[in-house]
Every structure is written in structure tokens, then in C-alpha cells.
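The values are calculated or read from the model by the stated rules, or taken from the named source; none is laboratory data. Owing to the predicted nature of the structure, the values given are computational and were not obtained by experimental measurement. We place every Cβ from the backbone using ideal geometry, glycine too, and count neighbours over all the protein chains shown.
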Amino acid sequence: MLARNHMHDSSSDLLQIYFRDIRPISELLSPEQEQSLARLVKLGQQAQRRLEKGNGNPEEIEDLQAVVEMGEEARKELILANTRLVVSIAKTYQGRGLPLADLIQEGNLGLLKAVDRFDADRNVRLSTYATWWIRQSITRAAGNLGRTIRLPINQGQRWGRIRRVSDKLSQSLGREPSVEEISDEMELSIDQIEQTLSVVQDPVRIDELVGEESERPYAELLENSDSAQPEDITANNMLMEAVSYLLDSLPSREARIISLHYGFEDGVSHSMAQIGKVMGYSRERIRQLQHEALRRLREMQKEHGLKDWLE
């Protein structure tokens with residue numbers, strides 16, 4: 001117990017140092033500064049690729065190396081300017097089996113990917129673009145290390161909405177919301193909310209013994225060659241997070257139409273006529289709204305680099 005407390009104290013101390021260190025350096029960049037730095041990163045990447053080809057005379061190689069160094073410095077500035085974003089996102093994933101320090105570390109990996117892929121010529125801030133990559137990296141780690149079951153996509157989508165609504169209500173109410181309050185806000189029944197909450201409860205550790213008198217771990221009872229493999233669980237969790245992220249970016253009316261049509265809300269795919277009856281619109285109006293929603297989703301796929309996940 002003493003060793004565990006010491007480890008906990010050490011971890012807390014390291015986090016305090018981390019928060020203290022990022023405070024003076026993670027200053028917000030203006031859009032112009034961000035674009036200039038991002039372009040330097042791209043130039044550095046291009047120069048690195050040319051160097052790897054091994055062509056050019058010594059003078060050209062020296063110039064390329066200088067560009068690579070400038071690109072690396074610009075990359076560091078973009079990363080440091082967004083470290084607070086990583087911390088704020090990581091904090092929303094606490095309580096899922098990973099300590100905050102690990103969540104921040106995973107989030108930083110997502111930030112690195114976002115900086116390397118960011119296109120300065122698109123009309124979007126790096127923080128907006130990086131948010132999905134940070135969440136994706138944290139979710140993958142939580143899926144691998146913190147959770148051992150795979151959720152149906154409709155339950156995963158609903159769980160994402162419950163988390164966000166709960167956070168919003170907590171801020172407005174100044175306390176944790178009740179299931180009834182979440183139910184009212186989401187326009188879902190209490191049974192649906194409780195069903196999802198029961199599904200996402202942390203499962204028993206598979207290395208725990210079946211009983212106090214037993215020497216057999218749960219893993220021996222669960223061995224199944226057909227069960228989902230870790231990489232499948234990770235992919236599923238990342239897909240759910242991508243779908244949740246995109247739908248949350250839509251107007252609520254369009255998001256509900258997509259959720260109902262593709263079965264994200266209740267696991268059942270609904271026709272245009274059925275959706276129209278539920279929402280009080282004509283079948284043709286529902287078709288028009290779905291068309292507009294899909295157009296928005298396609299644009300967001302390209303903007304946030306989600307094309308590979310959602311095709």
C-alpha cells in the first residue's frame with residue numbers, strides 16, 4: 001500500500017510539473033502565425049523527402065538540411081502551442097481505467113499526427129483539426145488498455161452523446177445530472193439511458209479469480225477462438241468515435257435523421273417515411289435533409305482526414 005501511495009504521489013507530482021511547464025510556453029498563436037508555421041512544417045517534410053532520395057550536390061544538400069531544421073522548429077512551436085488542448089481533452093476521459101498522465105501521453109501522440117497532417121491552406125484552425133486526432137489516440141489507448149469488451153455501434157454512439165450531454169448539464173447545473181435530466185435533454189427514455197449505462201460499466205478483470213476458493217481466472221472461462229481480437233476492438237472503438245464526432249458536428253435535426261436511418265439510435269434502420277412520421281416531416285423533406293446531411297459529412301470527412309475510417 002505504501003509503495004502504491006508513493007507511486008500515486010510521484011505521478012501527481014509529475015503532472016503538476018507538466019502543467020506548470022506548459023503554462024508559460026503554450027501561448028495561443030494567431031491564425032497567421034499558425035499558417036506560417038504549418039507551411040514551414042510542410043516545406044521541411046518536402047526537403048526531408050528530397051534528402052532521402054540522395055540526389056543533389058553538397059550545396060543543395062546543405063540548403064535542404066537547413067529547411068528540414070526550420071520545419072522541425074516550426075513543428076515544435078505548433079505542438080507546444082496546443083499542449084493545453086491535449087490536457088483539456090484528456091481530462092474528459094478520466095475514470096476509464098487509465099491515469100491522467102497516460103491519457104495525456106496518448107493525446108500528445110494524436111497531436112503529433114495532427115501537426116504532421118495539417119494543411120495550412122484549408123480554412124480551419126489546427127485546434128479544430130487536431131481535436132479528432134487527439135480523441136482518436138486517447139480512445140484507442142482506452143479501448144486497448146482500459147476496456148475489454150466491444151460495444152455495438154449504436155450503443156457506442158449513444159454513450160458518446162450521454163457523456164457530452166452529461167458534461168453540458170453538469171456545467172449548467174453545478175452538479176452531476178440525474179438520469180431523468182439526461183433523458184429529458186436527449187429526448188430518450190430512461191430505460192434507453194440505463195440500458196446504455198449498464199452496457200458500458202467496466203467489466204470484471206479477466207485475471208481475477210472466479211471465486212475466493214477458486215484458482216481459476218475468468219480468462220479460462222472466456223476462452224473463445226471466435227471472440228473479437230484486440231485490434232478489432234480498437235478499430236471498432238475508433239470507428240464509433242469517428243461517427244460520434246461527425247454526427248455531433250451536424251445540426252441536431254440532420255444528426256437525428258442520419259442516426260435513425262442508419263440505426264445508430266436504436267439499432268434499427270428506419271425508412272424515410274418512418275423517420276418523417278417520427279419527426280413530423282414529409283418523406284420528401286426528410287430525403288432533402290438527409291441529402292444535405294450527407295453532403296456536410298462528406299466535407300467533414302475530407303477536412304478531418306476521416307475518409308479511410310468511414311468509407
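Residues of region 63-91 being of a type outside the set (Ser, Thr, Tyr), touching a residue at least 40 places away in the same chain (Cβ under 8 Å) and assigned to a helix (DSSP H, G or I), which ones?
Correct list: Arg75, Glu77, Leu78, Leu80, Ala81, Arg84, Leu85, Val86, Val87, Ile89, Ala90.
Just wondering, is there one or more residues in region 92-111 that are closer than 16 Å to Glu34 by Cβ and without any contact (Cβ under 8 Å) to a residue 40 or more places away in the chain?
Checked against the condition, which is being closer than 16 Å to Glu34 by Cβ and without any contact (Cβ under 8 Å) to a residue 40 or more places away in the chain, region 92-111 yields at least one hit.
Filtering region 277-292 down to residues that are outside any loop (DSSP other than H, G, I, E, B) and among the polar types (S, T, N, Q), which residue is modelled with the lowest pLDDT?
Only one residue tops the list, namely Gln290.
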